[in-house]
Amino acid sequence: MKKLVVLFLCMVPWLSLAQRPVKIIFDTDMDSDVDDVGALSMLHSLASSGEADILAVMVSSLNPWSAPTVDVLNTYFGRPDIPIGNVKRFGVYHPSRYARMLAEEFPQRVGSGEKATEATVLYRQILARQPDNSVVIVTVGDLTNVSRLLASAPDTISALGGEALVAKKVKHLVAMGGRYPVETDARPNGNFKPDPASSRHVANHWPTKIIFTGGGVFANAIPTGKIYFEPSQAKTPMRRAYETFLVGWNRNYHHSADMIAVYVAVRGPEPFFKLQEQGMNHIFENGTTVWRNEPDDRRHALVNEFAEGVDPLVVAKKFDELLIKKAGK
Ligand SMILES: [Ca+2]
């Protein structure tokens, strides 16, 4: 018996000793790029298999169609009651090729991001009622909402200020953004550059662990979305988003930056990815990044490489399987 237990413990991946399902708050820009659509779909798929519990979805974009698009996907996957928060003032605005179209063509109830609950308020409400050290936040957009959460003052929702509330309730943050080991391209694309002050604030003051996940070459190596072009997916909102977004690209796949973050948040880096604990993410004033091996920041970790012997196309196939709604669910 003892042997069996030892064998079992050796086989369990990184996070599986943690509580299941993993309680997740998903924070997205859901506007300019389409991998947010794939990432939220993956999260729903992991919720359907009992691995994730989606506590709320936050939108970091002022684009009024982003929150309705989140609602479209929540509704499609059978979870229309997931609370949705939206940044209200001083947020980033990106245009979107697909958000308004999805919001108008598929069922959703929120109507406009302007009608959604203010994200900081919703964060505080959700966190205040969760057990200590139990929530994983995954950001695949701007860090505006999580920065505002950190800076929030004690109120009638919680006697704790934002930083203390996060320290008490949030196990860790998984933050997709930046390119590693160094990103010098200052064009304002990517998650850390449109609102660099928030990015720096979160990287410097987040009181629990942050696992950063990279974009660029790393995320491009995992081409996903092909599965949405199969006949069974023809009427899904994900197909509509991908086919619209990819017009002009002459292909039916896209990078997986936001999906990597969701996967790591729910299942952990293993078996596909390497977790680098040593070092720190230095975010410059323009939002560009460099991963420095020294000095070590014990809060910062990085997922930007594949585990030894892993074929990125095998990862892509596994990811694709997680991007669709399974029959009967
Ligand atoms: Ca995104």
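If you take the residues of region 118-160 that are among the β-branched types (Val, Ile, Thr) and more than 20 Å from the chain's Cα centre (by Cα), which of them is nearest to ASP27 (Cα to Cα)? Among those that are among the β-branched types (Val, Ile, Thr) and more than 20 Å from the chain's Cα centre (by Cα), it is ILE157.
Please work out if SER198 is part of a helix (DSSP H, G or I), within 16 Å of the ligand (Cβ to nearest atom) and of a type outside the set (Asp, Glu). Show your work before the answer.
Numbers: part of a helix (DSSP H, G or I): yes; within 16 Å of the ligand (Cβ to nearest atom): yes; of a type outside the set (Asp, Glu): yes.
Criteria met by SER198.
Screening PHE229 with (1) in contact (Cβ under 8 Å) with a residue 40 or more places away in the chain; (2) farther than 30 Å from ASN286 by Cα; (3) hydrophobic (A, V, I, L, M, F, W, C) gives one miss only, at (1).
The residues in region 176-203 that are in contact with a Leu (Cβ under 7 Å, 6 or more places away or on another chain), under 22 Å from VAL264 (Cα atoms) and small (Gly, Ala, Ser) can be counted, and the count is 1. Of the residues screened, LYS326 is one that is in a loop (DSSP other than H, G, I, E, B) and within 26 Å of ALA47 (Cβ to Cβ). Only residues that are on the phi < 0 side of the Ramachandran plot and surrounded by 15 or more Cβ atoms within 10 Å (Cβ to Cβ) were counted across region 287-309, and they come to 14. Per the listing ILE283, ILE260, the residue uniquely buried (at least 16 other Cβ atoms within 10 Å of the Cβ), within 16 Å of the ligand (Cβ to nearest atom) and either in contact (Cβ under 8 Å) with a residue 12 or more places away in the chain or of a type in the set (Asp, Glu) (or both) is ILE260.
Results for (1) under 22 Å from GLY279 (Cα atoms); (2) among the hydroxyl-bearing types (Ser, Thr, Tyr), shown as yes or no for each residue.
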{"residue": "SER152", "(1), (2)": "no, yes"}
{"residue": "ASP155", "(1), (2)": "no, no"}
{"residue": "GLY161", "(1), (2)": "no, no"}
{"residue": "ALA164", "(1), (2)": "no, no"}
{"residue": "VAL170", "(1), (2)": "yes, no"}
{"residue": "ALA175", "(1), (2)": "yes, no"}
{"residue": "ARG179", "(1), (2)": "yes, no"}
{"residue": "VAL182", "(1), (2)": "yes, no"}
{"residue": "ASN189", "(1), (2)": "no, no"}
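Could you please give the count of residues in region 78-90 that are surrounded by fewer than 23 Cβ atoms within 10 Å (Cβ to Cβ) and in contact (Cβ under 8 Å) with a residue 24 or more places away in the chain? I'd like the intermediate steps shown before the answer.
In the first step, residues of region 78-90 are kept if they are surrounded by fewer than 23 Cβ atoms within 10 Å (Cβ to Cβ); the result is 78-83, 88-90.
Cutting the leftovers down to in contact (Cβ under 8 Å) with a residue 24 or more places away in the chain gives us 78-80, 82-83, 88, 90.
So the answer is 7.
Any idea which of ARG251, ARG240 is free of Cβ contacts under 8 Å to residues at least 40 places away in the same chain and either of a type outside the set (D, E, K, R) or over 30 Å from HIS282 (Cα atoms) (or both)? Please lay out each step first, then the result.
Values: ARG240 fails: free of Cβ contacts under 8 Å to residues at least 40 places away in the same chain.
None of the others qualify; the one that does is ARG251.
Only one of the numbered conditions (1) on the phi < 0 side of the Ramachandran plot; (2) outside any strand (DSSP E or B); (3) modelled with pLDDT of 95 or more; (4) more than 16 Å from the ligand (Cβ to nearest atom) is violated by LEU4, and that is (3).
Pairs are defined by a Cβ separation below 9 Å, a sequence spacing of at least 6 or placement on different chains, a first member in region 168-185 that is within 14 Å of ALA219 (Cα to Cα), and a second member that is basic (Lys, Arg) and away from the ligand (no atom under 15 Å from the Cβ); the pairs so defined are PRO181/ARG292. If you scan region 101-124, which residues turn out to be crowded, with 17+ Cβ neighbours inside 10 Å and of a type in the set (D, E, K, R)? Once the filter is applied, which keeps residues that are crowded, with 17+ Cβ neighbours inside 10 Å and of a type in the set (D, E, K, R), region 101-124 yields only ARG124.
Scanning region 25-57 for residues that are assigned to a helix (DSSP H, G or I) and either more than 9 Å from the ligand (Cβ to nearest atom) or more than 14 Å from the chain's Cα centre (by Cα) (or both) yields a count of 11. Number of residues in region 138-158 that are within 21 Å of VAL264 (Cβ to Cβ), more than 13 Å from the ligand (Cβ to nearest atom) and β-branched (Val, Ile, Thr): the value is 1. Filtered by the rule that a residue be over 28 Å from ASP185 (Cβ atoms) and within 16 Å of the ligand (Cβ to nearest atom), region 207-257 gives a lone residue, MET238.
The values are calculated or read from the model by the stated rules, or taken from the named source; none is laboratory data. Being a predicted model, the structure only gives us computed values, none of them experimental. When we count neighbours, we look across all protein chains shown, and the Cβ atoms used for this are built from the backbone with ideal geometry, even at glycine.
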